[in-house]
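The values are calculated or read from the model by the stated rules, or taken from the named source; none is laboratory data. Here the structure is a predicted model, which is why all the values come from computation and not from measurement. Ideal geometry is used to build each Cβ from the backbone, glycine not excepted, and the neighbour counts take in all protein chains shown.
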Amino acid sequence: MKIEIRSKKGITMVALVVTIIILIILAGVSINITLGDNGLITIAKKAKENMELAQIEEQSKLNELYTQIGINDSLLGNTNFDFIERINEFKKKIAEYIEQAGGIKPEYTASVETFGERILGIVKEVTKDATALPEDITIGKTAYVNGEKITGTRQT
C-alpha cells in the first residue's frame, strides 16, 4: 500500500474565478456609489450649489439690513472688518470721554448697559451736592438733583 501525499501549491482555477467575480461586483457597487445619480460626486455638487445659493441669500439679507438701518458703503468701508473696527474705535473714544468727565472708564468691549451706567454715574456725581427743591425754583424752571429732574413750583 502506497500512500500518495499531494502538496497543495497555489490556488485552484475555481477560487481564482470566484475572487475575480467578487472583485467585479465590488467595483460595480463602488462605481455606482461614487458616480451614480445619488452618488457621492452628485451629492457634493448639490451641496456646493446649495452653499452658493445660501451665501447669495445671506448677502442679500445683509444688504437689506444695512439699508434698513441706514448704513451705506461710505460708512462700511470696503469690508465688514472695517465696519467692526470703526465701531470699536468709536466705543474706545466714548470710554475715554467718560473717564475725562470724571467717570469710571469702561472697557471698550463692555455692554451698552455698562456704558449707560458709567454715564449716569457721572451725572449723579456732578449733582450729588445739589440741594434745590421744587419750591426753591420758579414755576416752569427745571433742575437736576442727584440725577433726578425736578420742576419748580414757586412763583416769583
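When you check residue 114 against the structure, is it under 30 Å from residue 92 (Cβ atoms) and assigned to a loop (DSSP other than H, G, I, E, B), yes or no?
no
What pairs can you find where one residue is in segment 97-125 and closer than 23 Å to residue 148 by Cα, the other is among the acidic types (Asp, Glu), and their Cβ atoms are less than 6 Å apart, with a gap of 6+ or different chains?
Sorted first by the residue in segment 97-125, then by its partner, the pairs are 105/99.
This table checks each residue for (1) surrounded by fewer than 14 Cβ atoms within 10 Å (Cβ to Cβ); (2) assigned to a helix (DSSP H, G or I); (3) aliphatic (A, V, I, L, M); (4) modelled with pLDDT of 80 or more.
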| residue | (1), (2), (3), (4) |
| --- | --- |
| 123 | no, yes, yes, no |
| 129 | yes, no, no, no |
| 135 | yes, yes, no, no |
| 144 | no, no, no, no |
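Quick test for you: out of 110, 132, 101, 143, pick the one residue that is of a type in the set (A, V, I, L, M) and within 28 Å of the chain's Cα centre (by Cα).
None of the others qualify; the one that does is 110.
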